[in-house]
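Contents: one structure, followed by commentary.
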Amino acid sequence: MRALVVEDDPALRDLVCRHLADEGYIVDMAADGEQGQYMAVEYPVDLAIIDLGLPKTPGIAIIKAVRKAGRNYPILILTARDGWQSKVEGLEAGADDYLVKPFHKEELLARARALVRRSGGWSTSQLESGPIILNTAAKTVSLHGNAVELTAYEYRLLEYLVMHAGEVVSKSTLTEHLYSEDEERDSNVIEVFIRRLRTKLDPDSTLNPITTQRGSGYRWTLPRA
Amino acid sequence: MKSLRTRLLLVVTLVLVVFMLLCGAGLDQAFRGSSLQAQQDRQQGLIFALLGAAEFEDNGGVRINTGSLPDPRLGRVQSGLEALIFNERGKVIWRSPSFAGDVPELLAPDVGATLFNDLEARFAMTYGVRWVSETGGLRLFGGGRKKQTRYTVAVMEDKTEYLAQLKAFRRVLWTWLGGAAAALIAVQLIVLSWGLSPLRKLVRELRNVESGQQSRIEAGYPTELTPLAEGLNTMITAERNQQQRYRNALDDLAHSLKTPLAVLRGVVEDDTLPADARDRMSDPVDRMQQITHHQLRKAAAAGRRTLAEPVKLKPLTDKIIGALTKVYAAKQLRFAIDIADSLKARADEGDLYELLGNLLDNAAKWARTAVHARADIRNRMLVLVIDDDGPGFPEDADKLLSRGVRADSITPGQGIGLGAVAELVKVYDGSVELSRADGGLGGARVTVSLSV
């Protein structure tokens with residue numbers, strides 16, 4: 001999952017980014033509205049956290065621009081103005097939820113998780129697909145009720161696929177959404193992780209949860225519960 | 001004397017009355033003068049006519065034929081017109097047939113002069129004449145050796161007719177003057193009410209602005225009042241902008257206080273830092289957060305303002321519900337609003353946002369499937385009723401609220417989240433009541449009344 005944080009206060013920006021990174025997000029950040037708007041429209045983003053009081057371009061304008069550009073990933077407003085008027089304004093502009101400063105780490109992460117889940121069409125924090133259950137809060141996976149040990153990378157890849165269950169996800173999309181700019185992007189790595197996931201989730205090759213669509217990417221085949 | 005109208009009317013009436021009185025007195029004086037003059041002229045004429053008709057005898061007597069009396073009234077008893085002729089010793093030598101009673105005391109004027117006297121009930125005119133009798137001819141002011149006799153002729157006329165005339169004149173005079181005064185006052189009243197009508201209109205418009213029926217002074221006014229009306233409009237706008245500026249300043253303050261607070265909170269929650277330091281910071285940070293939140297919210301509550309622009313409740317509620325539908329998308333709540341499209345409340349828009357936002361958010365948070373919102377204005381009280389089908393309030397919730405609260409320590413997300421509502425309600429002299437929703441929902445009901 002790739003998150004964009006647009007916040008002008010450096011300390012708070014670092015804090016939010018650290019929280020999200022701890023949670024397994026790939027985080028991009030922008031320090032002002034102008035840069036934020038560019039990144040929000042152009043970058044592969046799964047979730048944006050946008051402060052409303054930004055220099056250069058206000059947060060509301062960024063949200064409007066994102067929606068106008070046809071991007072519909074979830075947006076969480078971060079605001080010090082806890083008045084309902086500004087909340088309503090932000091939500092009307094196209095944001096999906098708001099968080100009032102100061103906030104608890106858990107609240108931020110819970111809201112972020114809920115938004116990403118909702119955008120994938122999931123309504124609970126447990127993603128159930130066939131015999132496989134992902135607990136997005138605890139970041140654990142179980143198969144037929146038994147815990148499956150996954151590395152952080154493997155979990156991220158699995159969560160992304162399950163979140164977009166039924167859709168064909170290209171290798172480049174996966175690289176974009178799961179790796180930060182400065183990490184080495186080797187598409188072979190994706191193949192390696194997919195293979196490992198298949199081994200761990202489908203040891204006796206009966207489920208076949210991930211299919212390879214030749215030339216276009218991968219698809220999570222199990223139905224949503 | 002507080003009304004301009006009364007003042008003007010009083011002064012004008014006073015001036016008018018004094019003017020009419022002076023005018024009446026003047027006319028009366030003039031009329032009396034000319035009446036008296038006419039009276040004198042008539043009596044003088046009679047004197048000369050009498051002299052013309054008189055035959056003076058050498059023995060000092062006088063004879064006037066009844067047939068040649070210059071006025072027939074002189075021959076009729078009690079006709080009111082009487083004549084006397086005295087000789088130089090003051091003895092009456094002739095009296096008209098109409099004369100009855102005692103001879104009045106009269107002054108004898110010089111020869112050739114007249115005296116006009118106002119006796120009690122009649123006017124008397126006396127005339128001195130010197131008679132020269134030689135060959136029977138009549139000669140006035142004669143001289144020489146001829147025998148000369150001095151006579152005094154007096155003509156007296158009863159005052160009755162003169163007084164009646166005067167009375168009739170006065171009646172007519174005062175009737176007309178009074179009528180004219182009344183008409184002038186009536187005209188003055190009309191002029192006043194026409195002249196002051198723009199002021200009354202201005203007052204009416206201002207009342208409407210106050211009561212929220214219109215947002216500014218609109219009608220055209222006479223030149224003298226235009227600056228006043230414009231000034232009022234400027235004031236109204238300034239008042240509203242002032243509130244907006246104030247709120248913006250508060251927003252900026254909130255922004256610059258809460259961002260560092262969020263960083264501090266991050267530090268407190270940072271597991272990599274020593275637990276001891278974090279524990280010591282945790283409490284002050286919590287307190288700072290609470291105080292900032294509480295005080296900023298309190299300061300932001302504008303309260304009832306006389307010149308606030310009335311706010312339509314329906315669109316505002318729709319907006320909030322649109323926002324909440326997003327926030328609580330997972331619950332797929334049904335929101336039912338029963339608010340008339342035309343319902344306007346004379347309250348600050350920001351305050352209404354806070355109030356409805358918190359009430360509806362709270363209801364949405366606890367509701368299972370549905371939230372109902374109803375609003376109405378009765379007797380200048382805006383009544384909001386928000387129902388949900390959640391678990392309802394605990395038994396002691398009402399007590400908690402009425403303690404005045406506690407509510408400020410209840411932040412959204414914990415407890416019942418009605419702190420902001422309780423505070424706003426206080427500012428608007430209103431009340432909050434927590435009860436159980438009827439009509440099938442069965443959850444919590446919050447009834448808020450605000451005086452607007």
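Nearest-5 percent of antiparallel DSSP beta bridges in chain B? Write out the running numbers ahead of the final one.
Working: 50 of 56 bridges.
Expressed as a percentage, antiparallel bridges in chain B total about 90.
Chain A: longest stretch without exposed GluC sites (Glu not before Pro) (DSSP loop, at most 14 other Cβ within 10 Å), sites themselves excluded?
Working: sites that count: A:E149, A:E167, A:E181, A:E183, A:E184.
So the longest stretch without any such site is A:1-148.
First select every other residue whose beta carbon is under 12 angstrom from the beta carbon of A:E107; then total the charges, Lys and Arg +1, Asp and Glu -1.
Around A:E107, the surrounding residues sum to +2.
Based on the Cβ-Cβ distance of B:V172 and B:E224, what FRET efficiency does E = 1/(1 + (r/R0)^6) give at R0 = 41 Å, to the nearest 0.05? Can you show the working numbers first?
On the way: r = 43 Å, r/R0 = 1.05.
E(calc), rounded to 0.05, equals 0.45.
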Report, in degrees rounded to the nearest 10, the 0 to 90 angle that the Cα long axis of helix A:105-119 makes with the longest principal axis of chain A.
-> 70 degrees
Binned at 20 Å starting from 0, the alpha-carbon pair-distance distribution of chain B in whole percents comes out as 17, 25, 13, 10, 11, 13, 9, 2, 0
Using Cα-only point scatterers and the Debye equation, what is log10 of I(q)/I(0) for the range A:105-225 at each q in 0.14, 0.15 Å⁻¹, rounded to two decimals?
-> -0.58, -0.67
Aspartates and glutamates with Cα under 20 Å of B:K314, excluding same-chain neighbours fewer than 8 positions away = A:E89, A:E92, B:D338, B:D341, B:D348, B:E349, B:D351, B:E354, B:D361, B:D376, B:D387, B:D388
Given the Cα-Cα distance of B:L16 and B:K326 and 0.36 nm per residue of separation, how much length would full extension add, in nm?
-> 103.9 nm
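Considering only the protein assembly as shown, what is the antiparallel percent among its DSSP beta bridges, to the nearest 5? If you can, show how the numbers build up before the last one.
Details: 68 of 91 bridges.
The antiparallel fraction comes to roughly 75 percent.
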Centre separation in Å (Cα based) which lies between the range A:188-216 and the range B:195-213 | 80 Å
Equivalent ellipsoid semi-axes - Cα gyration tensor, chain A, angstrom = 32, 18, 15
Treating the angle as unsigned and between 0 and 90°, give the value, to the nearest 10°, between the Cα long axis of helix A:152-163 and the longest Cα principal axis of chain A.
-> 80 degrees
Taking only Cα atoms, what is the 0 to 90° angle, nearest 10, from helix A:84-93's long axis to the longest principal axis of chain A?
-> 60 degrees
Using the 2.2 N^0.38 Å rule of thumb for compact globular proteins, work out how the range B:4-165 stacks up: its C-alpha Rg over that value, please.
-> 1.47
Inter-part gap, Cα centre of the range A:67-103 to Cα centre of the range B:234-266, in whole angstrom, is 18 Å
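Report the local net charge at B:I47: Lys and Arg +1, Asp and Glu -1, summed over other residues whose C-beta lies under 13 Å from its C-beta.
Numbers: positive: B:R42; negative: B:D41, B:D71, B:E82, B:E157.
Cβ neighbours under 13 Å give a net charge of -3.
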Share antiparallel - DSSP beta bridges, chain A, percent rounded to 5 | 50 percent
In nm², the average projected area of the convex hull spanned by the Cα atoms of the protein assembly as shown is 57.9 nm²
Tell me what chain A gives for mean residue ellipticity at 222 nm when only DSSP H runs of n ≥ 4 count, each as -39,500 (n - 2.57), the sum divided by the residue total, rounded to 500 deg cm²/dmol.
-> -12500 deg cm²/dmol
Pop the C-beta distance of B:R436 and A:R196 into the FRET formula with R0 = 56 Å and round what comes out to the nearest 0.05.
-> 0.50
Dividing the mean separation of Cα pairs under 8 Å (6+ apart) by the residue count of chain B yields a relative contact order in percent of 9 percent
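Ranking request for peptides B:322-335, B:340-353, B:59-72: highest mean number of other beta-carbon atoms within 10 Å first, then the rest in descending order.
Working: B:322-335: 16.5, B:340-353: 19.6, B:59-72: 13.6.
The most tightly packed comes first, giving B:340-353, B:322-335, B:59-72.
Rule-based calculations on the coordinates, nothing more; no lab input. Nothing here was measured: the structure is a model prediction, and the numbers come from that model. Positions of Cβ are generated from backbone atoms using ideal geometry, with glycine treated the same way; all protein chains shown enter the neighbour counts.
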